[in-house]
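This report refers to the structure that appears directly beneath it.
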Amino acid sequence: MSLGRLFVVSAPSGAGKTTLLKRVMSSLVKMKFSVSHTTRAAREGEVDGIDYHFVSQETFKQMIIESMFLEHADVHGNLYGTSLASIVGQLEDGFDVVLDIDVQGAAILRAKTDVEAAFVFIAPPSLLELERRLRGRGTENEEKIKIRLMNAITELESSSEYDYVIVNSDVEEATHLLESIILAERAKLHRLPSGDPIGKVL
Ligand code: 5GP
């Protein structure tokens, strides 16, 4: 069986990435989502081990010392990281794995010569619309909304570093585009439906 492919997906907070990813994960087969570790508190409705592994600063720092992360970063004042354990087994089982990580984490992975991934950036139609969505979801207080909006400006500047940019003005269209990107990346590897590379059987 061939190895799965890594998809790194980044977006400013409020760009609609979570909704898009949920839709694509349920419509495409052979996809897994990498569950990150974070020191941020769980939001209402979030489940430990499904949305994130919620850990203390102490545990997170110990994991850094023990080199358990493929990448980690301080995002909006909390620590977030992708553990090797969260992706290696899935890739080996032939699943394509989606990493929902910020622009710093994506830059770390892009710089690694031993990591192969497709990088996708999801942008909001405008900063005004982003602000409207952030306020609308009501999960952050005013101070946190301001931090996220300030960070969004820097994040949008990094979008040119990505292989693909999706402007999420219409959720149906954006979902379709993300599905198409994933399918095209699979075809790029010349795989058979079984997951084996075509070259293996020729
Ligand atoms: P939220 O707190 O809204 O769930 O996520 C905030 C930001 O952290 C998002 O941009 C998300 O992509 C990013 N993030 C989530 N997990 C990771 C991770 O493992 N590594 C990095 N670098 N960023 C992450």
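The values are calculated or read from the model by the stated rules, or taken from the named source; none is laboratory data. Small disclaimer: the values here were computed from a predicted structure and weren't measured. Using ideal geometry, Cβ is built from the backbone for each residue, glycine included, and neighbour counts are taken over all protein chains shown. Side chains are part of the model used for accessible areas, which takes the heavy atoms of the whole protein and leaves out ligands, DNA and RNA. Shrake-Rupley method; radii C 1.70, N 1.55, O 1.52, S 1.80 Å.
Tabulated results
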item	result
Residue selected from the stretch 23-43 under the condition among the charged types (D, E, K, R) and within 13 Å of the ligand (Cβ to nearest atom), by the criterion farthest from LEU6 (Cα to Cα)	ARG43
Every residue from the stretch 58-73 that is under 24 Å from ALA41 (Cβ atoms) and more than 9 Å from the ligand (Cβ to nearest atom)	GLU58, THR59, PHE60, LYS61, GLN62, MET63, ILE64, ILE65, GLU66, MET68
Lone qualifier among ILE147, ILE122 - being more than 19 Å from the chain's Cα centre (by Cα) and either in a helix (DSSP H, G or I) or at pLDDT 95 or above (or both)	ILE147
Which listed residue, of THR113, THR139, is open to solvent by 20 Å² or more (accessible area, probe 1.4 Å), within 13 Å of the ligand (Cβ to nearest atom) and part of a loop (DSSP other than H, G, I, E, B)	THR139
Scan of the stretch 150-164 for residues that are assigned to a helix (DSSP H, G or I) and among the hydroxyl-bearing types (Ser, Thr, Tyr), ordered by number	THR154, SER158, SER159, SER160
Pick from the stretch 61-89, criterion of a type in the set (A, V, I, L, M) and part of a helix (DSSP H, G or I), ranking: least open to solvent (accessible area, probe 1.4 Å)	MET63
Filtered residue count, the stretch 7-20, keeping only those that are at pLDDT below 95 and more than 8 Å from the ligand (Cβ to nearest atom)	4
Top-ranked residue in the stretch 1-35 [being in a helix (DSSP H, G or I) and open to solvent by less than 20 Å² (accessible area, probe 1.4 Å); ranked as nearest to ILE166 (Cα to Cα)]	LEU20
Residues that are crowded, with 20+ Cβ neighbours inside 10 Å and among the charged types (D, E, K, R), drawn from the stretch 90-99	ASP96
Tally, over the stretch 36-60, of residues that are assigned to a loop (DSSP other than H, G, I, E, B), crowded, with 18+ Cβ neighbours inside 10 Å and under 13 Å from the mean Cα position of the chain (by Cα)	1
Residues (within 10 Å of the ligand (Cβ to nearest atom) and among the small types (Gly, Ala, Ser)) located in the stretch 78-110	GLY81, SER83, SER86, GLY105, ALA106, ALA107
Test for ASP51: is it within 10 Å of the ligand (Cβ to nearest atom), at pLDDT 95 or above and among the acidic types (Asp, Glu)	no
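Residues checked against (1) within 23 Å of VAL35 (Cα to Cα); (2) open to solvent by 40 Å² or more (accessible area, probe 1.4 Å); (3) modelled with pLDDT of 95 or more; (4) outside any helix (DSSP H, G or I):
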site: LEU109; (1), (2), (3), (4): yes, no, yes, no
site: ILE166; (1), (2), (3), (4): yes, no, yes, yes
site: ILE181; (1), (2), (3), (4): yes, no, yes, no
site: ARG186; (1), (2), (3), (4): yes, yes, no, no
